[in-house]
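Everything below concerns the one structure shown next.
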Amino acid sequence: MDVELNVTLLTLGGFAELHKYRYLYFVVTFTLYILILCFNSTIVCLIWTHTNLHEPMYIFIAALLINSVLYSMTIYPKLLSDVLSEKQIISYPLCLFQGFLYYTSAGSEFLLLAAMAYDRYVSICKPLQYAVIMNRITIYVSLVLAWIIPAFEIAVSVVLYSNVKLCSFTLTGIFCNNSGYKLQCVSSVAISIYGVVMLINIALLPMLFILFTYIRIVRISYQSCREVRKKAVKTCLPHLLVLINFSCFIVFDVVIVRLESDLSKTLRLILTFQSILFHPLLNPIIYGLKMNEIFKSLKILFCHVTVAGNI
């Protein structure tokens, strides 16, 4: 094998006991992937087809679930292929592309959650101005920016990584993520600084904005009548659960990978599976069970399916 091929091919070294549990890995991963696609797609279709759900809050939920599908499609197809392959390898350009899609969807998640928090803030704190502020233009601009801003910032990072010299060709994970930082011969100061700036822009600032809006919502709800407090809890609790879940996932991705903790390969694999499972699978479950209008539509859909199945 020539030198250039060694440079351009990376080994995914995060799998544990793959030769023993190859088919178990495949069945579990494939099942989870199908569940993720079905759960997210079902709620998106409900929002699309039911006119009573054509409101800003539900449009943002649909965008969030579409983002979860894109996130899963970035990871699971390659993961399923690797589980059945004798060698778990990926070319460096393809690895950069997977990392680009992966972190773009992650950054979009925070910005979409920030847009949803602002929508709830306007709805609860400025109800008389809600229709004027949250108009179609505001919604469309928010959705476009939520995907374009992370894509642009991650693209710059990919360009920086594409020009570094590699001295290691084995990733510690099962897909291309932050662990690619360890492959460099010499740590790049420019990449490190830009990574911090990017993390602040597409993760920390949106999170601070979300916390600020919810603090304002809590304060105003506390001073208002019982109906306002009830509305705030019903609509804000699902968003907070999703934010907490996703924040834990980001903390794992950034901190554990960068600090090179002494976790065993098996434990690291379990934690990685939890992060790529809980994020896209819990979102539709949380919104399906906690949002009354979506839950009602789901019940009607299941009743129709049950009746059709009995005929």
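Tabulated values for the structure
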item	result
Selection within the range 123-145 - within 24 Å of Thr104 (Cβ to Cβ) and of a type in the set (Ser, Thr, Tyr)	Thr138, Tyr140, Ser142
Options Val83, Val69; residue that is over 13 Å from the mean Cα position of the chain (by Cα) and on the phi < 0 side of the Ramachandran plot	Val83
Wholly within the range 1-118, helices (runs of 4 or more DSSP H) carrying at least 1 residues that are among the β-branched types (Val, Ile, Thr) and closer than 18 Å to Ile276 by Cβ	18-49, 56-84
Tally of residues being assigned to a helix (DSSP H, G or I) and within 22 Å of the chain's Cα centre (by Cα) across the range 162-194	5
Ile43 being surrounded by 17 or more Cβ atoms within 10 Å (Cβ to Cβ) and over 15 Å from the mean Cα position of the chain (by Cα)	yes
Counted residues, the range 158-171 - those being more than 16 Å from Gly107 (Cα to Cα) and in contact (Cβ under 8 Å) with a residue 60 or more places away in the chain	6
Condition check for Ser192: loosely packed, with under 15 Cβ neighbours inside 10 Å and modelled with pLDDT under 70	no
So Val69, is it β-branched (Val, Ile, Thr), at pLDDT 90 or above and open to solvent by less than 60 Å² (accessible area, probe 1.4 Å)	yes
When residues of the range 227-243 are limited to those that are without any contact (Cβ under 8 Å) to a residue 40 or more places away in the chain and of a type outside the set (A, V, I, L, M, F, W, C), the one farthest from Met207 (Cα to Cα)	Glu227
Enumeration of residues in the range 119-137 that are free of Cβ contacts under 8 Å to residues at least 60 places away in the same chain, in a helix (DSSP H, G or I) and surrounded by 13 or more Cβ atoms within 10 Å (Cβ to Cβ)	Val122, Tyr130, Ile133
Only one of Leu112, Leu94, Leu101 that is of a type in the set (A, V, I, L, M, F, W, C), modelled with pLDDT of 90 or more, at negative phi and buried (at least 19 other Cβ atoms within 10 Å of the Cβ)	Leu112
Test result for Leu145, open to solvent by 70 Å² or more (accessible area, probe 1.4 Å) and over 26 Å from Phe246 (Cα atoms)	no
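Per-residue answers, yes or no, for (1) touching a residue at least 12 places away in the same chain (Cβ under 8 Å); (2) open to solvent by less than 80 Å² (accessible area, probe 1.4 Å):
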| position | (1), (2) |
| --- | --- |
| Phe152 | no, no |
| Val156 | yes, yes |
| Gly173 | yes, yes |
| Ser179 | yes, yes |
| Ser188 | yes, yes |
| Leu199 | yes, yes |
| Ile202 | yes, yes |
| Cys225 | no, yes |
| Asn245 | yes, yes |
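The values are calculated or read from the model by the stated rules, or taken from the named source; none is laboratory data. Model, not experiment: these values are computed from the prediction. Cβ atoms come from the backbone with ideal geometry, glycine included; neighbour counts cover every protein chain shown. These area figures cover heavy atoms from the full protein model, side chains too; ligands, DNA and RNA do not enter into them. Shrake-Rupley method; radii C 1.70, N 1.55, O 1.52, S 1.80 Å.
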